[in-house]
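Chemist: Sharing a structure below in structure tokens format, with a few things to ask.
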Amino acid sequence: MTKKEEPKKKLTGLPICEYQDRGHKWVVENQTKETADGVITIEVTDPKQQVYIYNCEGITVQVKGGKCKSVIVDTCKKSNAVFESLISGCEVVNCKKIQVQSTGICPTVSVDKTDGFLMYVCKESLATTSFVTCTSTEMNVSFPDENGEQKELPIPEQFVHKLVDGAVQSSVSDLYH
């Protein structure tokens, strides 16, 4: 008879939620719904400030106070980030089941090595937001249509590449048409 081994729990550092003057950065690390009571609110006071969210699970980080430089979500699971306007953009990397919401302008959204991503874009940001994606799956964008109703569309993750006249041409797979 063999004894089943218990899965090892992932070791994490101490929960951190602090502002660091060096780099003008808010750091939110190792937070869970138990340590953060589900929601962490950050009040930015200067557009130079950025927010870095790392190794969190099951929380919502709400960034208030107006415009900030950027929001980076790294190695998080089942978490949400809500912010007003960003100067450079939002980056999501190494995450699973992440939701991001912009209530103002968000020029660029970068999604890398992420499975399960939903971005809510407000009407104000529809014409300016662009997405750069790499090695990610299950990506969607939600936005208000011309009637004000919320519409959700997939961000393509499958492409067709052809050699045409010595150059590579890429187009979105027919799955998305």
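Chemist: Between a residue in segment 134-148 that is closer than 11 Å to Leu118 by Cα and in contact (Cβ under 8 Å) with a residue 24 or more places away in the chain and any residue that is open to solvent by 40 Å² or more (accessible area, probe 1.4 Å) and assigned to a loop (DSSP other than H, G, I, E, B), which pairs come within a Cβ distance under 9 Å, given they are 6 or more apart or on different chains?
Modeler: Met139/Glu157
Chemist: For the list (1) touching an Asp or Glu at 6+ places or on another chain (Cβ under 7 Å); (2) closer than 23 Å to Asp37 by Cβ; (3) open to solvent by less than 10 Å² (accessible area, probe 1.4 Å), I need the number of the one condition that Ala81 fails.
Modeler: Exception for Ala81: condition (1).
Chemist: Just to be sure I understand, how many residues within segment 111-125 are part of a strand (DSSP E or B) and not small (Gly, Ala, Ser)?
Modeler: Summing the residues that are part of a strand (DSSP E or B) and not small (Gly, Ala, Ser) in segment 111-125 gives 8.
Chemist: For segment 86-110, name all the residues that are of a type in the set (S, T, N, Q) and either within 16 Å of Ser142 (Cα to Cα) or assigned to a strand (DSSP E or B) (or both). Let's see the steps before the verdict.
Modeler: Keep residues of segment 86-110 that are of a type in the set (S, T, N, Q), which gives 88, 94, 99, 101-103, 108, 110.
Passing the criteria: Ser88, Gln99, Gln101, Ser102, Thr103, Thr108, Ser110.
Chemist: Here's a follow-up. Within segment 51-62, can one find any residue that is open to solvent by less than 50 Å² (accessible area, probe 1.4 Å), assigned to a strand (DSSP E or B) and either over 22 Å from Thr12 (Cα atoms) or modelled with pLDDT under 95 (or both)?
Modeler: No, segment 51-62 contains no residue that is open to solvent by less than 50 Å² (accessible area, probe 1.4 Å), assigned to a strand (DSSP E or B) and either over 22 Å from Thr12 (Cα atoms) or modelled with pLDDT under 95 (or both).
Chemist: Look through Lys8, Lys48, Lys4 and report the one residue that is at pLDDT 95 or above and assigned to a loop (DSSP other than H, G, I, E, B). Reasoning before the result, please.
Modeler: Numbers: Lys8 fails: at pLDDT 95 or above; Lys4 fails: at pLDDT 95 or above.
None of the other options fit; the residue is Lys48.
Chemist: When segment 110-128 is examined, which residues are found to be over 20 Å from Ser79 (Cα atoms) and buried (at least 17 other Cβ atoms within 10 Å of the Cβ)?
Modeler: Of everything in segment 110-128, just one residue is over 20 Å from Ser79 (Cα atoms) and buried (at least 17 other Cβ atoms within 10 Å of the Cβ), namely Ser125.
Chemist: Any residue in segment 21-32 that is at pLDDT 95 or above, open to solvent by 70 Å² or more (accessible area, probe 1.4 Å), more than 21 Å from Ser142 (Cβ to Cβ) and assigned to a strand (DSSP E or B)?
Modeler: Looking through segment 21-32, none of the residues is at pLDDT 95 or above, open to solvent by 70 Å² or more (accessible area, probe 1.4 Å), more than 21 Å from Ser142 (Cβ to Cβ) and assigned to a strand (DSSP E or B).
Chemist: Which residue out of Gly148, Gly116 is modelled with pLDDT under 95 and more than 17 Å from Ser85 (Cβ to Cβ)?
Modeler: So the residue among Gly148, Gly116 that is modelled with pLDDT under 95 and more than 17 Å from Ser85 (Cβ to Cβ) is Gly148.
Chemist: Hey, among the residues in segment 129-177 that are in a strand (DSSP E or B) and touching a helix residue (DSSP H, G or I) at 6+ places or on another chain (Cβ under 7 Å), which one's most open to solvent (accessible area, probe 1.4 Å)?
Modeler: My answer is Pro154.
The values are calculated or read from the model by the stated rules, or taken from the named source; none is laboratory data. Everything numeric in this text was worked out from a predicted model, so none of it was measured. As a convention, Cβ positions derive from the backbone with ideal geometry for all residues, glycine included, and neighbour counts pool all protein chains shown. With ligands, DNA and RNA removed, areas are computed over all heavy atoms of the protein, side chains included. Shrake-Rupley method; radii C 1.70, N 1.55, O 1.52, S 1.80 Å.
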